[in-house]
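These notes are about the structure you will find just below.
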Amino acid sequence: MTHLHSLRLSLAILGAAALACLAPARLSAQMVEAGVARDAKSGTPLACLHVALLDSAGKAIQHTVTDSTGQFLLEAPRPGKYRVQFVIYRWEPLVGPVDALAEGAFKHRVYPLNFANMLIADTASVRQQGGSAKNESKEKVREIDDLLRAEESYGGWQSRRAMRFSYGMKYPEELFLKGVGGSVLARFIVDPTGLARKDSWVTLFASNSEFEDAVKSKLPDARWMPAQNAGQPVCELVMDFTRFYTQDKQGNIVMVTR
C-alpha cells in the first residue's frame, strides 16, 4: 500500500469516526413529544388526527397529523415546558399533561381520546333543505367560524373547508311523512385531495339507520378544500353532525360541517 493511499484511508476513517460522534450528539439535543392517539371507547388508533405542540404560553408552534397507526412526533425548538393538543375542528380540543423538556428528552404516551363537546350547537349552524336559513343564524355561524379560523391561523395550519355542503342529501321519505326527526354523528377522514376516505367512516351516533344511510350514501359526492400544514395538503380526521327535522310540512337537514 502506498503512503498516499494509506494517508487517504486514515483520513476517511477519521472522517467517519467524527460523523459517528456528531450524529448521536445532534440526536441527543432533540426534544420530542410523541405518542399514540386512540379512541377512548374502542381503543382503535385515530389516523389523520391534527396534533399541535403548545408552548408554555399555550401557543401552537408545531403541527402534524397522526399516521395510520395513530402515532405522531413533534420536535420542540428549545428546552422548556410543552404539551400536546389534539384538535378536531368545531369540537373542544383535548390536551395532554405539561412536560418540562430538557435536551435529549423524549416523551411518549398513549392518549385515549373522547371528543365530546361541540363548540357550535346544531341549532346555530343551519344548512337547510326545503327551508331558508335565518340571517341571524348565518351571521352567528360566520362569526364563530371567523374566531376558530383566527385561532388556527398560526403555525401554518388550516382545517378543511367545505366546497359543497348538501351534496344532494335527501330526507328519508317515510320518516318525513311520519314527521320523525333525528340526528347522525359521524367521524371520517378527508384526504389530501379533498375527498372523504371511503373506508374511514365511523358512526358515533345515529337515531335511525335510515338517517345514517342518507348521510353516508352521499358522502362520496362531498368536496372540500383539504387541510393544510405549512402550505402542504394533508389528511384530516373530522366529526360532522347532521340533524333531520320537519317543520311547516317541510323536511329540513341541518349540517354542522365546514
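Please treat every number below as a calculation from the coordinates, not as lab data. Here the structure is a predicted model, which means the values were calculated and not measured.
Multiplying the residue separation of Glu210 and Ala116 by 0.36 nm and removing their Cα-Cα distance gives an extension gain of 31.5 nm.
Over the stretch 70-124, the Kirkwood radius and the radius of gyration, each from Cα atoms, give a ratio Rg/Rh of 1.08. The value of relative contact order for the stretch 215-258, using C-alpha pairs under 8 Å at least six residues apart, is 25 percent. Using the alpha-carbon centroid of each, what span in Å lies between the stretch 217-238 and the stretch 58-96? Spelled out, the Cα-based centre of one part sits 19 Å from the other.
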